[in-house]
Every structure is written in structure tokens, then in C-alpha cells.
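Student: My questions will all concern the structure given below.
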Amino acid sequence: MGRMLAEEAAAAIAERTGVTRHRAAVVLGSGWQDAATEIGTPAVSLPMVEVPGFGSPTAQGHQGTIHSVAVGDTPVLLLMGRRHLYEGQGPDQVVHGVRTAIAAGATTVLLTNAAGGIRPGLRVGEPVLIADHLNLTGRSPLAGAEFVDLVDTWDPELRSLAREVDPSLTEGVYAGLTGPQYETPAEIRMLATIGADLVGMSTVLEAIACRALGVRLLGISLVTNLAAGVTGAHLSHAEVLAEGHAAAPRLGKLLRGVLERL
Ligand code: HPA
């Protein structure tokens with residue numbers, strides 16, 4: 001696994017789409033799949049299983065497709081689904097999608113996810129810009145001695161640009177855990193204490209891999225539920241998908257607006 005396999009995957013995408021360089025990529029996570037239709041009609045769609053290194057995503061609500069879409073004159077890759085540590089995948093598999101997108105030409109990557117809202121005031125159905133993250137997975141996609149600076153990993157200019165599209169957006173710190181179990185109320189109190197506003201099971205390893213490869217990163221979490229213990233309600237993946245479905249038009253317009261301004 002690693003950069004070589006990503007090059008192979010990128011070559012397959014170029015061959016199948018006829019596009020040698022896709023300038024940007026969007027990873028659509030749980031709850032974000034429906035937003036894709038707002039971004040544009042895909043010129044070409046590829047099942048991930050047909051692209052080297054991808055396999056088929058098993059998370060419910062992930063399509064497992066790669067779309068090539070033109071936004072204005074910009075060719076964009078939409079990765080409809082991602083790999084997670086909780087599927088038993090290693091960091092290399094988890095970041096294969098973003099490494100492939102970068103090998104395919106992407107210099108800007110948009111990472112989306114579903115998250116539990118920890119900070120008081122966050123509302124279900126609200127997209128929140130990721131301003132910073134806590135990698136609490138205990139894992140890294142970087143093998144060997146590679147020291148990578150993570151200051152401004154979540155590009156401040158891209159966040160401003162997103163706020164031009166939707167001025168009501170707030171920002172937060174995303175804590176990435178391994179899952180697949182949701183957190184306990186005690187864990188959520190701990191996460192609040194250490195500075196997390198949002199909690200989820202993805203994104204942080206992809207962000208590190210993107211940063212190591214020098215691309216510009218924007219992250220958006222959709223608050224699909226309030227985190228464990230905030231209300232006393234029980235958590236379910238069905239609720240995560242339902243909230244994504246409801247928010248899809250707003251999320252899609254936001255992503256399209258950002259892509260149009262790149
Ligand atoms: N916790 C972890 N991951 C999540 C949550 C949550 O509350 N909601 C959506 N993904």
C-alpha cells in the first residue's frame with residue numbers, strides 16, 4: 001500500500017474518465033451522499049471495486065462510487081464513501097482515497113463527515129467547518145521518520161471562502177476516534193474538557209495524509225446528533241443517515257459554492 005498503489009489507482013481513473021488531472025476532490029462521508037446530486041451530473045462514474053486498492057466500502061450509507069464531475073471548467077472527483085479504522089482497515093487503506101485523488105491531480109481536498117455535536121449550542125442538521133482536530137485514534141498514516149507540521153492543516157483561506165458561500169457557518173475542533181461504538185457520556189465529558197466540539201470516526205488520518213502531501217484542506221462536519229449524554233437520547237446510525245438526507249440540498253449547495261470559487 002501507499003503512494004505507488006495510489007499512482008496506479010490515479011492512472012486507472014485517468015484512463016476511465018479521460019481526464020488527466022482532476023483539480024479538486026471531495027470525500028462524501030456518512031450523511032453526505034445525497035449532497036452529490038447538487039454538485040453536478042457526473043460525466044463518468046466508476047465503482048470503487050474497479051479501481052486499484054479501494055475494495056468496496058462496507059459502511060452503511062456509503063455508495064462506493066467515484067464520480068468525475070465538471071464544476072464550471074474544473075474537473076472534480078467525488079469519492080462517494082471512505083474506509084474507516086472500525087472496518088478493521090489499516091491507516092494506509094483509510095487514506096488510499098485521498099492519496100489517489102492527489103495522485104490524480106487534486107491540489108484541494110474537501111473532507112466531509114457526520115459528527116456528534118459536543119459544544120453547547122450546536123444544532124442537529126448544522127454543517128460546521130473543521131478549524132482543527134484531535135487525532136485520538138492512536139494511529140498515523142505516515143510510516144517511517146517523517147515529521148509533518150500540522151499548524152493550519154485546515155486551511156484558513158478555504159474556511160473564509162466557505163463562509164462567503166454560507167455566512168452562518170461556525171467552526172469547531174473535530175475529535176477523531178476509532179469507533180465503531182459510539183462514545184459513553186463520560187467519554188464525551190472528557191472530550192469536551194480536552195477541547196473537542198465535534199466527535200466522529202473518520203477524517204483525521206486523511207487530513208494528516210493530505211497535509212503530508214501539501215494539499216489545501218477544507219473539512220465540514222454535519223452535526224447528525226448531539227453527542228452521548230448531551231440529551232440522554234440513544235444514538236443510531238439510522239439517525240445519522242436521516243439527518244444527512246434532510247440536510248442534503250444545503251450541503252450540496254455549500255460544496256458546489258466552494259468548488260466554484262477555487
Ligand atoms: N459519535 C461518533 N461518531 C459519530 C457521531 C457520534 O455521536 N455521530 C456521527 N458520527
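Student: For Val27, only one of the following conditions fails: (1) of a type in the set (Val, Ile, Thr); (2) within 16 Å of the ligand (Cβ to nearest atom); (3) closer than 16 Å to Ala247 by Cβ. What is its number?
Tutor: Exception for Val27: condition (3).
Student: List pairs: first in region 213-240 and without any contact (Cβ under 8 Å) to a residue 24 or more places away in the chain, second of a type in the set (Ser, Thr, Tyr) and more than 11 Å from the ligand (Cβ to nearest atom), Cβ under 8 Å, 6+ apart or cross-chain?
Tutor: Listed pairs, sorted by first residue: none to list.
Student: Then there is this: If you go through region 104-140 one residue at a time, how many are over 24 Å from Asp197 (Cβ atoms) and buried (at least 21 other Cβ atoms within 10 Å of the Cβ)?
Tutor: Residues meeting the conditions: 2.
Student: Would it be correct to say that Glu243 is surrounded by fewer than 20 Cβ atoms within 10 Å (Cβ to Cβ), charged (D, E, K, R), within 11 Å of the ligand (Cβ to nearest atom) and at negative phi? Spell out how you get there, then give the answer.
Tutor: Working: surrounded by fewer than 20 Cβ atoms within 10 Å (Cβ to Cβ): no; charged (D, E, K, R): yes; within 11 Å of the ligand (Cβ to nearest atom): yes; at negative phi: yes.
So Glu243 does not fit the description; no.
Student: Has region 216-230 got any residue that is buried (at least 22 other Cβ atoms within 10 Å of the Cβ), more than 10 Å from the ligand (Cβ to nearest atom), of a type outside the set (A, V, I, L, M, F, W, C) and within 17 Å of Ile130 (Cα to Cα)?
Tutor: yes
Matching residues to (1) closer than 22 Å to Glu187 by Cβ; (2) β-branched (Val, Ile, Thr):
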| residue | (1), (2) |
| --- | --- |
| Pro52 | no, no |
| Gln63 | no, no |
| Leu85 | yes, no |
| Ala101 | no, no |
| Val128 | yes, yes |
| Trp154 | no, no |
| Arg163 | no, no |
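Student: Restricted to region 167-185, and to residues that are more than 13 Å from the ligand (Cβ to nearest atom) and of a type in the set (S, T, N, Q), which residue is surrounded by the most Cβ atoms within 10 Å (Cβ to Cβ)? Outline the logic, then answer.
Tutor: To start, the set of residues in region 167-185 that are more than 13 Å from the ligand (Cβ to nearest atom) comprises 167-173.
Adding the requirement that they be of a type in the set (S, T, N, Q) leaves 168, 170.
Values: Ser168: 7, Thr170: 15.
By that ranking, first place goes to Thr170.
Student: Oh, and also: Kindly indicate whether any position in region 54-72 is within 16 Å of the ligand (Cβ to nearest atom) and at positive phi.
Tutor: Among the residues of region 54-72, at least one is within 16 Å of the ligand (Cβ to nearest atom) and at positive phi, which makes the answer yes.
Student: Ok, one more. Given the criteria surrounded by fewer than 24 Cβ atoms within 10 Å (Cβ to Cβ), acidic (Asp, Glu) and closer than 22 Å to Ile208 by Cα, does Glu38 qualify?
Tutor: Values: surrounded by fewer than 24 Cβ atoms within 10 Å (Cβ to Cβ): yes; acidic (Asp, Glu): yes; closer than 22 Å to Ile208 by Cα: no.
So Glu38 fails the test.
Student: I need every pair where a residue in region 104-119 that is within 12 Å of Arg82 (Cβ to Cβ) has its Cβ under 6 Å from the Cβ of a residue that is among the charged types (D, E, K, R) and within 16 Å of the ligand (Cβ to nearest atom), sequence separation at least 6 or different chains.
Tutor: Leu111/Glu206
Student: Oh, and also: Scan region 80-89 and give yes if some residue there is away from the ligand (no atom under 16 Å from the Cβ), in contact (Cβ under 8 Å) with a residue 24 or more places away in the chain, out of contact with any Leu (no Cβ under 6 Å at 6 or more places or on another chain) and not hydrophobic (A, V, I, L, M, F, W, C), otherwise no. Steps first, answer last, please.
Tutor: Of all residues in region 80-89, those away from the ligand (no atom under 16 Å from the Cβ) come to 80, 88-89.
From what is left, the residues that are in contact (Cβ under 8 Å) with a residue 24 or more places away in the chain are 80.
Those left that are additionally out of contact with any Leu (no Cβ under 6 Å at 6 or more places or on another chain): none.
Within region 80-89, not a single residue is away from the ligand (no atom under 16 Å from the Cβ), in contact (Cβ under 8 Å) with a residue 24 or more places away in the chain, out of contact with any Leu (no Cβ under 6 Å at 6 or more places or on another chain) and not hydrophobic (A, V, I, L, M, F, W, C).
Listed here are the residues, each with its yes/no results for (1) under 28 Å from Phe54 (Cβ atoms); (2) over 18 Å from the mean Cα position of the chain (by Cα).
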position: Asp92; (1), (2): yes, no
position: Thr112; (1), (2): yes, no
position: Ile130; (1), (2): yes, no
position: Gly138; (1), (2): yes, yes
position: Pro156; (1), (2): no, no
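Student: Moving on to the next point. Would you mind stating whether His22 is crowded, with 19+ Cβ neighbours inside 10 Å and without any contact (Cβ under 8 Å) to a residue 40 or more places away in the chain?
Tutor: On the way: crowded, with 19+ Cβ neighbours inside 10 Å: yes; without any contact (Cβ under 8 Å) to a residue 40 or more places away in the chain: no.
Taking the combined requirement at face value, the residue does not satisfy it.
Just so you know, all these numbers are worked out from the coordinates, no wet-lab data involved. In this text the structure is predicted, and so the values were computed from the model without any measurement. Ideal geometry is used to build each Cβ from the backbone, glycine not excepted, and the neighbour counts take in all protein chains shown.
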